[in-house]
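Some notes on the structure that comes next.
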Amino acid sequence: MERGLGCVHIPLYMRNPDTDVMRRLLIAIVWVYFAGLLIGPIAYLCIQAFGEGFMVFLNEVLRPEAMHGFWLTTEITIIVLLINAVFGTITAMVLARQRFWGQTFLSGLIDLPFSVSPVITGFMLILLLGPGTILGTFFGAMDIKILYALPAMILVTLFVTFPFVVRELTPILMAIGTDSEEAARTLGANEWQIFLRVTLPAIRWGMIYGATLTIARAIGEFGAVLVVSGNVLQLTQTATLHIYQSYVDFNYVGAYAVAAVLLAVSFLILMVLELVKTRSSAVTDRSIQMVRP
Amino acid sequence: MTGHTLTRLALRSAAIGYVLCLILLPLTAIGLQSFEDGLTRFMDDIQQPQAKAALILTIEAALLTTVINAVFGTLSAWVLVRYDFPGRAFLNALVDLPFAIPTLVAGIMIAAVYGATSPLGAWLQQGGIEVLYNVPGIVLAMLFVTMPFTIRALQPVLMELEQDQEEAAYTLGATPWQAFWRVTVPSVLPGLLTGVFLTFVRALGEFGSVVIVAGNIPLKTQVAAVYVYGEIESYNPQGATSVSIVVLILSFLALMLLERLIRRPGERLPMFLNAVMNGTWFGVRSHSPVHAKP
């Protein structure tokens, strides 16, 4: 089927004058809904961020606290992306290709992060690793600081982003089937060669798509990171935490400026997703055709 | 054992181990914590005026959000699929934005535009409508973050829906309303339910955007997630646990109910997987119908 807006077919009954009034009214309502909820707030934020001049904006964005926040967010995002890509791919391959006891349960667990409030995610980690718990005492004895430090921030971000790569790859892996892999195996390829030469090329756009969703969520994560980071200035303060801090400290211009930067990143991510979406569906379709002629 | 079997086993262990450690272990921790002090303590905790008010406010706001989202989401999906008008592609591209925008940024945008310092906020205030630090603000924040769910769940179904069926209804003498209720609604119901339930669950746990617009006034504008955050900050893990458990159970129940409602007999895949396979979960993929047969 055509993706997007392909199927415009206005039937006769909608062309007659009575329903034309209805039609215009509905379109107007949708415009107001979008304007009030999306366009208005976005435009107003941009106006506010640049309201006091571009230099003020730049000054706020280039502050050491803000720069540290950007850097920390980037660091967490990269680490989470790498771990997620590896374990997400492994989990998707296991879910798509293997049958074992408890599989439905495992599959259900993967969806759970979607339905857990970010604050509760962070809180669960505190309960698991806080002082006085078994794991907390263990890591304390080994002198490894997890809570209120980078490891905990990475762990919660891993938790909230885990479903993205898995859920993107599982259906693709199911669709392409194992015929090409079996063929490669018969021809003497080892498991690693099969993955690199046969499986990976087939799933790469799906992987990029899942990775982009992971990046978006990792950059934007706030509640969970706030709870486990301790929000220490210039130490465990990510970009979103910096925005929050600025806002709470009544530095609205600072908050708006950094928020506008993240907003720009969101637009960029959306464009990448749009681009990959067309690519990935084309690739999947072709692979399916290849497997089942 | 061949290398192939070994690899399969190794991969399976890695996947299971990783998922159990990352997802099940934290959930077990909160489950154990809630049992630690018994059911009476749990009941006491959620009966606390502040906790109770937070839970009730959250459920009310989430329900209101769900209703508004269902109505306007359906309307938007319908208009975006069926009508051609200037700016349609633009609006359609905007739908996915709330998924990409950090929730905190969403909260700040809404606070800025509906706050008393903006022209719109001042105008609303003159009309006696307080948006910020009030229930309308909370609902607006929840609406923002959940906006794509219903639209993106319905768009593919509406595209797929055979217009012939509706036209057949007209030929048989149905009015537009009859055609809508008798033909359109039954076929879009699974998509609508998915959108509606996901909206409710997401709204229930929303924190980043609400914490900015709600203002954290106990008994008045404090939602559950913000209450939990406050309890964590004031070193009261027991109170945080009890309210968290209520929110978690509500979310899981809602999702289980959804699965019950829309799962077709003999469907092998769990609902979530199906929803995501067809792109209704993230809402960002709208090129295949909700119930496409694999």
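Please treat every number below as a calculation from the coordinates, not as lab data. Because the structure is predicted, anything quoted here is derived from the model rather than measured. Heads up, the Cβs are rebuilt from the backbone with ideal geometry, glycines too, and the neighbour counts pull from every protein chain shown.
Just a few scattered comments:
- Leading residue at positive end of dipole, the protein assembly as shown (Cβ point charges), from A:Gln98, A:Ile146, A:Leu135: A:Gln98
- Amide H contacts under 5 Å for A:Gly230: none, restricted to partners 5 or more places along the chain or on a different chain, H placed in the peptide plane at 1.01 Å from N.
- Shape category assigned to region B:131-184 from the gyration tensor of Cα positions, a/c cut at 1.5: oblate
- Placing a label point 7 Å from the Cα of B:Phe180 along the Cα-to-Cβ direction, the residues of region B:74-89 whose backbone N falls under 14 Å of that point are B:74-80, B:82-83.
- Whole-Hz Karplus values for region B:201-216 come out as 5, 5, 5, 4, x, 4, 10, x, 7, 5, 4, 6, 7, 7, x, 6 Hz, taken residue by residue from phi with 6.51 cos²θ - 1.76 cosθ + 1.60 and θ = phi - 60°; glycine and proline positions read x.
- Measuring r between the beta carbons of A:Trp71 and B:Leu9 and using R0 = 30 Å, the FRET efficiency lands at 0.15.
- Taking other C-beta atoms within 10 angstrom as a stand-in for reagent exposure, A:Met67, B:Met43, A:Met93, A:Met174 fall in the order B:Met43, A:Met67, A:Met174, A:Met93, fewest first.
- Judged by the gyration tensor of its Cα atoms, with axes a ≥ b ≥ c, region A:9-155 is oblate; a/c meets the 1.5 cut and b/c is at least as large as a/b.
- Using the Cβ of B:Arg12 as centre and a radius below 13 Å, the other residues enclosed give a net charge of +3, where K and R count +1 and D and E count -1.
- The alpha carbon gyration tensor of chain A gives principal lengths a ≥ b ≥ c with a/c of 1.5 or higher and a/b no greater than b/c, which makes the shape oblate.
- Projecting label points 7 angstrom from Cα along Cα→Cβ for B:Ser234 and B:Ala93 puts them 4.8 nm apart.
- Selected from A:Ser246, A:Ser180, A:Ser266 as most flexible by GNM, with chain A as the system and alpha-carbon contacts under 10 Å: A:Ser180
- Within the listed set A:Tyr44, A:Tyr252, A:Tyr33, the residue fluctuating most in the Gaussian network model of chain A (springs between alpha-carbon atoms under 10 angstrom) is A:Tyr33.
- A Förster radius of 41 Å combined with the Cβ-Cβ distance from A:Ala264 to B:Glu60 puts the calculated FRET efficiency at roughly 0.70.
- At most 15 other Cβ within 10 Å, DSSP loop - chymotrypsin sites (Phe, Trp or Tyr not before Pro), region A:75-144: A:Phe100, A:Trp101
- Basic side chains Lys and Arg get +1 at the Cβ, acidic Asp and Glu get -1 at the Cβ, and with that the dipole of the protein assembly as shown about its Cα centre reaches some 1260 debye.
- 3J(HN,Hα) couplings calculated from phi for region A:260-269 with the Karplus curve 6.51 cos²θ - 1.76 cosθ + 1.60 (θ = phi - 60°) are, in sequence order, 5, 5, 5, 4, 4, 4, 4, 4, 4, 4 Hz; Gly and Pro show x.
- About the Cα centre, charge dipole magnitude for chain A (Lys/Arg +1, Asp/Glu -1 at Cβ), debye: 680
- Spatial separation of Cα centroids for region B:1-63 and region A:139-179, in angstrom: 16
- Distance histogram for the protein assembly as shown (every C-alpha pair counted, 20 angstrom bins, percent rounded to whole numbers): 20, 53, 25, 2
- Note on chain B: helix-only mean residue ellipticity at 222 nm, from DSSP H runs of 4+ residues weighted -39500 (n - 2.57) and normalised by residue number, equals -23000 deg cm²/dmol.
- Cβ-Cβ FRET estimate between B:Ile249 and B:Leu172, R0 fixed at 60 Å, reported to 0.05: 0.80
- A simple spin-label model places the labels of A:Leu82 and A:Val21 6.5 nm from each other, with each point 7 Å out along Cα-to-Cβ.
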